[in-house]
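J.: Before we start, here is the structure in question, set down as structure tokens.
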Amino acid sequence: MMTCYFDESGGSDLGWIYVCGYAASVAQWERFEIDWKILLAKYGVPYFHMKECSQFKGPFAKWKSNQSDRAYFLRDAASIIRMYVQHSFVSLISYEIFAEADKIYKFCEVFKTPFSLAGRVCIESAHEVISSEMEYIFEDGCPDKEGLIRSMTAFLPCRESPSFKPSRDVKSSDQWPNGRIGIIPIQAADFLAYESRKLLVDREKLKRGGTRFRKSLLALSKNVPLSLSLITPDMIDRICLEGGIERRP
């Protein structure tokens, strides 16, 4: 049994959206969780969230005055991820390409949002690589759960609906009287999603030689197979042809 954990990054403000994730066996994820909890305890943080970590927010504020500790933490986190995951997946699409596709095809009737398309493509990438039974779990705060669920049956081949879980513990509330337990492997997907987004943000600087690839991104990608799906107009034409998505009148 394999489990794929996914998270997203980007949005309409960036003009692109990413869905990123990792696949490993249930046993590998169990060992990952043990080492990850030890890592968090070692550095004195209750969870990992890359955006907060990069901006020195919340429990990561203590590293603002000593950024080397953050660098060591990210190095060790990447090492644990590489140790246990079998494969990584990244899919991305621009909002502009999605909008243009919907002018030609009945696209929003199948894929409600760019996120639901990127999420479905990421899942299909996992099925191409992994032959065993799979479960896919997305971060609960993703932008379009309903659209992603619908895409699993509105487009062939039909797939089981994913689960949606929080990446860290949620305190009790009116909605969740008993609180919720965070799913630690999603924190690894969050790391990959953030680094993928930063690569897009920094692309012009990279072209001009004004910056280098982030060490954390290089550390994550070392010796981990990657399936990258850049969703282009040609890919969308193929998806519509194979999936029977009709053209608009």
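Just so you know, all these numbers are worked out from the coordinates, no wet-lab data involved. Everything quoted here is computed from the prediction, not taken from an experiment. Note: ideal-geometry Cβ built from the backbone for every residue, glycine included; neighbour counts use all protein chains shown.
J.: Among the aspartates and glutamates, which fall within straight-line cross-link reach of Lys64, defined as a Cα-Cα distance under 13 Å, with same-chain neighbours fewer than 8 residues apart omitted?
T.: Glu52
J.: If a paramagnetic tag sat 7 Å from the Cα of Glu96 along the Cα-Cβ line, which residues of the range 110-144 would have the backbone N under 20 Å from that point?
T.: Residues 113-115, 117-118 fall inside that zone.
J.: Given 10 Å bins starting at zero, what is the percent of C-alpha pairs of the range 71-175 in each, up to the one with the largest pair distance?
T.: 12, 36, 31, 17, 3
J.: Turning to a different aspect of this structure: Return the Rg/Rh ratio of the chain with Cα-based radii and a Kirkwood Rh. Present the calculation step by step, with values, prior to reporting the outcome.
T.: On the way: Rg = 18.5 Å, Rh = 19.0 Å.
In the chain, Rg relative to Rh is 0.98.
J.: For a protection proxy built on the mean count of beta-carbon atoms within 10 angstrom, sort 15-21, 68-74 highest first, please.
T.: Details: 15-21: 26.0, 68-74: 15.3.
Ranked from most to least packed, the peptides come out as 15-21, 68-74.
J.: Take the Cα of Lys106, step 7 Å along the line toward its Cβ, and report every residue of the range 226-247 whose backbone nitrogen sits under 14 Å from that point.
T.: Output list for this probe position: 240-241, 243-247.
J.: Can you tell me the FRET efficiency between Trp176 and Glu135 if r is taken as the Cβ-Cβ distance and R0 is 22 Å, rounded to the nearest 0.05?
T.: Values: r = 22 Å, r/R0 = 1.00.
About 0.50, to the nearest 0.05.
J.: What do you get for GluC sites (Glu not before Pro) in the range 113-207 restricted to DSSP loop and a cutoff of at most 12 other Cβ within 10 Å of the site's Cβ? All intermediate terms of the calculation are to be shown ahead of the outcome.
T.: Working: sites: Glu124, Glu128, Glu133, Glu135, Glu139, Glu146, Glu160, Glu195, Glu204; in loops: Glu133, Glu160.
Qualifying residues, ordered by number: Glu133, Glu160.
J.: Going by amide H atoms built from the backbone, whose H comes under 5 Å of the H on Phe164, apart from near neighbours?
T.: Correct list: Phe138.
J.: Give me the net charge of Ser227's neighbourhood, meaning all other residues with Cβ under 15 Å from the Cβ of Ser227; Lys, Arg count +1, Asp, Glu -1. Kindly include the intermediate steps, with their values, before the conclusion.
T.: Values: positive: Arg120; negative: Glu124, Glu128.
Once positives and negatives cancel, what remains is -1.
J.: Karplus couplings for the range 59-64 from phi (6.51 cos²θ - 1.76 cosθ + 1.60, θ = phi - 60°), rounded to Hz, Gly and Pro as x?
T.: x, 9, 4, 5, 8, 5
J.: How much mean residue ellipticity at 222 nm does the chain get from its helices, if each DSSP H run of length 4 or more adds -39500 (n - 2.57) and you divide by all residues, to the nearest 500 deg cm²/dmol? List each step's numbers first, then the result.
T.: On the way: 10 runs with 118 residues, N = 249.
It lands at -14500 deg cm²/dmol.
J.: Hey, got a sec? Which GluC sites (Glu not before Pro) in the range 25-114 land in a DSSP loop and have at most 16 other Cβ atoms within 10 Å? Let's see the in-between values first.
T.: Details: sites: Glu30, Glu33, Glu52, Glu96, Glu100, Glu109; in loops: Glu109.
Qualifying residues, ordered by number: Glu109.
J.: Right, here's the next one. Would you report the distance distribution of C-alpha pairs in the range 80-132 as whole percents per 10 angstrom bin, up to the bin with the largest distance?
T.: Histogramming the range 80-132 at 10 Å steps yields 22, 40, 25, 12, 2 percent.
J.: Something else about it: Can you tell me what percent of all Cα-Cα pairs in the range 4-149 are more than 20 Å apart?
T.: Numbers: 6072 of 10585 pairs.
In whole percent, the share of Cα-Cα pairs in the range 4-149 beyond 20 Å is 57.
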